[in-house]
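First the structure, in the form of structure tokens, and then the observations on it.
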Amino acid sequence: MPSRQYLVDDLTFSDSWRMFRILSEFVDGFEELANLEPAVSIFGSARVGPDHKEYQDAEKTARLLVEAGYAVITGGGPGTMEAGNKGAAEAGGQSVGLNIQLPHEQAPNRYANLPLDFRYFFVRKVMFVKYSMAYIVFPGGFGTLDEMFEAVTLIQTKRIRPFPVLLMYTDHWRPLLDWIEKELCLNDKMLSPEDLDIVRTVDTPEEAVAIIKRRIIL
């Protein structure tokens, strides 16, 4: 059931006026991120806390990225996103939080020193793709998968320049990758074998950052 606020917005905003609001989000994002240093995006669940391995590894990954000269972008919320922003900010780097307005769960974390707020998922996804030189994807839910597959699709269809898409924890991602290879590639021929090379699994922050440093020379 949609929240009352969403119902009110649907009644009071025509499509024409909504276009102006969409345009304003693009303008704000482009202006705020125009001078961003080479950046890496970290994705993952909003539902993990500081005692989780994912949180700790995301924080360490962000710190290592900043020490290597990269800015860090996250979805700006709690969990893995907070960890990424925390690691980047405490290492003295640019810590970007692209927060999405949701009726529950997502609230901006306090570690983003360059926070932006979005109403529209598709505008936010453009910012991730436009300003990222690599993705590091920790375990997460539908939102995390959406961001990952968006980038993979754009790379596959040559709509953007290829960049590293690294999936953290091989054991977590292997069942999904095996299913894609068996059902979509081998059985149904819906994917080409080379499409599977777009993503790569890693198991430690050090491994992820080492790959990015080899692929992206600052």
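The values are calculated or read from the model by the stated rules, or taken from the named source; none is laboratory data. This is a predicted model, so every value here is computed, not measured. Using ideal geometry, Cβ is built from the backbone for each residue, glycine included, and neighbour counts are taken over all protein chains shown.
Scan the range 62-74 for residues that are touching a Gly at 6+ places or on another chain (Cβ under 6 Å), in a helix (DSSP H, G or I) and either surrounded by fewer than 24 Cβ atoms within 10 Å (Cβ to Cβ) or among the β-branched types (Val, Ile, Thr) (or both) and report the count.
2
Only one residue in 196, 191, 184 is more than 19 Å from the chain's Cα centre (by Cα), farther than 28 Å from residue 77 by Cα, in a loop (DSSP other than H, G, I, E, B) and not β-branched (Val, Ile, Thr). Which one?
On the way: 196 fails: in a loop (DSSP other than H, G, I, E, B); 184 fails: in a loop (DSSP other than H, G, I, E, B).
The conditions single out 191.
Run down 78, 50 and say which single residue is part of a loop (DSSP other than H, G, I, E, B), touching a helix residue (DSSP H, G or I) at 6+ places or on another chain (Cβ under 8 Å) and without any contact (Cβ under 8 Å) to a residue 60 or more places away in the chain. Don't jump to the end; show me each part of the working.
On the way: 78 fails: touching a helix residue (DSSP H, G or I) at 6+ places or on another chain (Cβ under 8 Å).
Of 78, 50, the one residue that is part of a loop (DSSP other than H, G, I, E, B), touching a helix residue (DSSP H, G or I) at 6+ places or on another chain (Cβ under 8 Å) and without any contact (Cβ under 8 Å) to a residue 60 or more places away in the chain is 50.
Quick check, is residue 169 at pLDDT 95 or above, surrounded by 15 or more Cβ atoms within 10 Å (Cβ to Cβ) and on the phi > 0 side of the Ramachandran plot?
Details: at pLDDT 95 or above: yes; surrounded by 15 or more Cβ atoms within 10 Å (Cβ to Cβ): yes; on the phi > 0 side of the Ramachandran plot: yes.
When the stated conditions are applied, residue 169 passes them.
In the range 109-120, what residues are part of a loop (DSSP other than H, G, I, E, B) and either buried (at least 18 other Cβ atoms within 10 Å of the Cβ) or in contact with a Pro (Cβ under 8 Å, 6 or more places away or on another chain) (or both)? Walk me through it before giving the result.
First, pick out the residues of the range 109-120 that are part of a loop (DSSP other than H, G, I, E, B): 109-113, 119-120.
Scanning the range 109-120 gives 109, 111, 112.
Identify all residues within the range 142-151 that are free of Cβ contacts under 8 Å to residues at least 40 places away in the same chain, crowded, with 17+ Cβ neighbours inside 10 Å and acidic (Asp, Glu); write none if there are none.
If we filter the range 142-151 for residues that are free of Cβ contacts under 8 Å to residues at least 40 places away in the same chain, which is where we start, we get 142, 145-146, 149-151.
From what's left, crowded, with 17+ Cβ neighbours inside 10 Å: 150-151.
The one that is free of Cβ contacts under 8 Å to residues at least 40 places away in the same chain, crowded, with 17+ Cβ neighbours inside 10 Å and acidic (Asp, Glu): 150.
Examine the range 186-198 for a residue that is touching a helix residue (DSSP H, G or I) at 6+ places or on another chain (Cβ under 7 Å), surrounded by 19 or more Cβ atoms within 10 Å (Cβ to Cβ), among the β-branched types (Val, Ile, Thr) and within 25 Å of residue 70 (Cα to Cα), and state whether such a residue exists.
Within the range 186-198, not a single residue is touching a helix residue (DSSP H, G or I) at 6+ places or on another chain (Cβ under 7 Å), surrounded by 19 or more Cβ atoms within 10 Å (Cβ to Cβ), among the β-branched types (Val, Ile, Thr) and within 25 Å of residue 70 (Cα to Cα).
As an exercise: evaluate residue 59 against (1) among the acidic types (Asp, Glu); (2) exposed (fewer than 15 other Cβ atoms within 10 Å of the Cβ); (3) in contact (Cβ under 8 Å) with a residue 12 or more places away in the chain and give the number of the one condition it does not meet.
(2)
Give me the residue from the range 121-141 that is in a helix (DSSP H, G or I) and more than 10 Å from the chain's Cα centre (by Cα) and, out of that set, surrounded by the most Cβ atoms within 10 Å (Cβ to Cβ).
Of the residues in the range 121-141, the ones in a helix (DSSP H, G or I) are 121-131.
With the extra rule that they be more than 10 Å from the chain's Cα centre (by Cα), the set shrinks to 121-123, 126, 130-131.
Values: 121: 15, 122: 10, 123: 20, 126: 17, 130: 12, 131: 22.
If we take residues in the range 121-141 being in a helix (DSSP H, G or I) and more than 10 Å from the chain's Cα centre (by Cα), then 131 is surrounded by the most Cβ atoms within 10 Å (Cβ to Cβ).
Consider only pairs whose beta carbons are under 7 Å apart and that are at least six residues apart or on different chains; among these, list those whose first residue lies in the range 204-216 and is of a type outside the set (Val, Ile, Thr) and whose second residue is in a helix (DSSP H, G or I).
205/57; 205/60; 205/61; 205/64; 206/64; 208/61
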